[in-house]
1. Could you check, for region 89-99, whether at least one of its residues is buried (at least 20 other Cβ atoms within 10 Å of the Cβ), out of contact with any Phe, Trp or Tyr (no Cβ under 9 Å at 6 or more places or on another chain), farther than 20 Å from Arg15 by Cβ and charged (D, E, K, R)?
2. State the number of residues belonging to region 52-78 that are within 9 Å of the ligand (Cβ to nearest atom) and under 19 Å from Pro102 (Cα atoms).
3. Would you point out which residue out of Asp97, Asp125 is among the charged types (D, E, K, R) and touching a Ser or Thr at 6+ places or on another chain (Cβ under 7 Å)?
4. Could you tell me whether any residue of region 39-51 is away from the ligand (no atom under 11 Å from the Cβ), among the polar types (S, T, N, Q) and closer than 23 Å to Pro265 by Cα?
5. Kindly provide the set of residues from region 86-119 that are among the basic types (Lys, Arg) and either touching an Asp or Glu at 6+ places or on another chain (Cβ under 9 Å) or closer than 23 Å to Thr187 by Cβ (or both), ordered by number.
6. Determine the pairs where a residue that is in contact (Cβ under 8 Å) with a residue 12 or more places away in the chain and farther than 19 Å from Arg168 by Cβ, located within region 144-158, has a partner that is among the hydroxyl-bearing types (Ser, Thr, Tyr) and surrounded by fewer than 23 Cβ atoms within 10 Å (Cβ to Cβ) with Cβ atoms under 6 Å apart, the partner being 6 or more residues away or on another chain.
7. Could you list, in sequence order, the residues of region 19-76 that are touching a strand residue (DSSP E or B) at 6+ places or on another chain (Cβ under 6 Å), touching a residue at least 24 places away in the same chain (Cβ under 8 Å) and of a type in the set (D, E, K, R)?
8. Name every residue in region 9-38 that is buried (at least 20 other Cβ atoms within 10 Å of the Cβ), away from the ligand (no atom under 11 Å from the Cβ) and over 13 Å from the mean Cα position of the chain (by Cα), in order of residue number.
Amino acid sequence: MTQPEPDVVRFYTDRYVEADRLDRSPLGRLEAARTRDLLSRLLPPAPATVLDVGGGPGAYAGWLAGLGHRVHLVDLVPAHVSAARRAYPAVGATVGDARRLPVPDAVADVTLLLGPLYHLTGRADRMAALREAVRVTRPGGVVAAATISRHAPFLDLVRQGRVDDGSRPALLAAYTTGVNDPVGGFTTAYFHRPDEVFDEFHAAGLPAPRRYGIEGPLWPLLPVTGGPAEDGRLFDEVLRCAALMECDPEVLGASAHLLTVAVRPAEPG
Ligand SMILES: C[S@@+](CC[C@H](N)C(=O)[O-])C[C@H]1O[C@@H](n2cnc3c(N)ncnc32)[C@H](O)[C@@H]1O
């Protein structure tokens, strides 16, 4: 196992406010609405024991605790763990690495990995995180992981008017290799193709993973900024389209994120 990338901790501690990411733009609100809709349908009824690995400041952990689940959050960034404790007293929160979870075997009905897989550039590290998710989930429990789609950074930066001859080479490299150079923005990160995440689930002993496009193919049409009051008709159509096409294999990779979900078998492979 390689060391945690220090730039991930620095980025979220000193440079980027994660706490309201899902509220402060139309795209964030789309991601949150769709992720919550998918989790509502894919998770067992409350009260389940949910481990939110890479849970950040607790946007989903707090929401799930409010629904009556028993939620414990683990995150690499101490500032995120402190923020989650402050904002959501019902959520337990611990600093830890997805590749070596400070959690006993088979304690969770559900393990969420909504962050670590796209911050780990090496396949061996992503496999370690997925195998840990399998270990801590009881047989018959659910593992759900978010990944960022390969082309999403390019589309997003074009949408924001931030691609020029200076930034294009790094974006093309990330598109070709999947690996983001943090010098160009964001952090050490990996951008998946849909079949890669399918293969990684299989290799971790999670058979028959189901993949869901989170934002659907129309997200690049959303304005970059704007408050909830402006979301309006276009937002509703983008949301409806995302739900309509969420499992369509021909447009899966057009979403900015994929949610991949599988049940831990009795005997992990
Ligand atoms: C973009 S935030 C997502 C937070 C939240 N899960 C959500 O979906 O809104 C990514 C999170 O993954 C965490 N993370 C990245 N690599 C990790 C690792 N190896 N172990 C645990 N957490 C990690 C980061 O610290 C950060 O809080």
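Readers should treat all values here as calculations from the given coordinates under stated rules, not as data from a laboratory. Worth saying up front: this structure is predicted, and the values here are computed from it rather than measured. Cβ coordinates were reconstructed from backbone atoms using ideal geometry, including for glycine residues, and neighbour counts include every protein chain displayed.
1. From region 89-99, those buried (at least 20 other Cβ atoms within 10 Å of the Cβ) are 91, 93, 97-99; that's our starting set.
After this cut, where a residue has to be out of contact with any Phe, Trp or Tyr (no Cβ under 9 Å at 6 or more places or on another chain) as well, the list is 91, 93, 97-99.
Imposing the further condition that a residue be farther than 20 Å from Arg15 by Cβ reduces the set to 91, 93, 97-99.
From what is left, the residues that are charged (D, E, K, R) are 97, 99.
Yes, that holds for at least one residue.
2. Within region 52-78, the first condition is being within 9 Å of the ligand (Cβ to nearest atom), and the residues that meet it are 52-61, 73-77.
Now narrow it down to the ones that are under 19 Å from Pro102 (Cα atoms): 52-58, 61, 73-77.
Qualifying residue count, region 52-78: 13.
3. Values: Asp97 fails: touching a Ser or Thr at 6+ places or on another chain (Cβ under 7 Å).
The unique qualifying residue is Asp125.
4. Filtering region 39-51 down to residues away from the ligand (no atom under 11 Å from the Cβ) leaves 40-51.
From the residues that got through so far, the ones that are among the polar types (S, T, N, Q) too are 40, 49.
Right, trim to closer than 23 Å to Pro265 by Cα and you get 40, 49.
Yes, region 39-51 contains at least one residue that is away from the ligand (no atom under 11 Å from the Cβ), among the polar types (S, T, N, Q) and closer than 23 Å to Pro265 by Cα.
5. Keep residues of region 86-119 that are among the basic types (Lys, Arg), which gives 86, 99-100.
Across region 86-119, the qualifying residues are Arg99, Arg100.
6. Hits for this filter: zero, empty list.
7. Passing the criteria: only Asp52.
8. Answer for region 9-38, where residues must be buried (at least 20 other Cβ atoms within 10 Å of the Cβ), away from the ligand (no atom under 11 Å from the Cβ) and over 13 Å from the mean Cα position of the chain (by Cα): Pro26, Leu27, Leu30.
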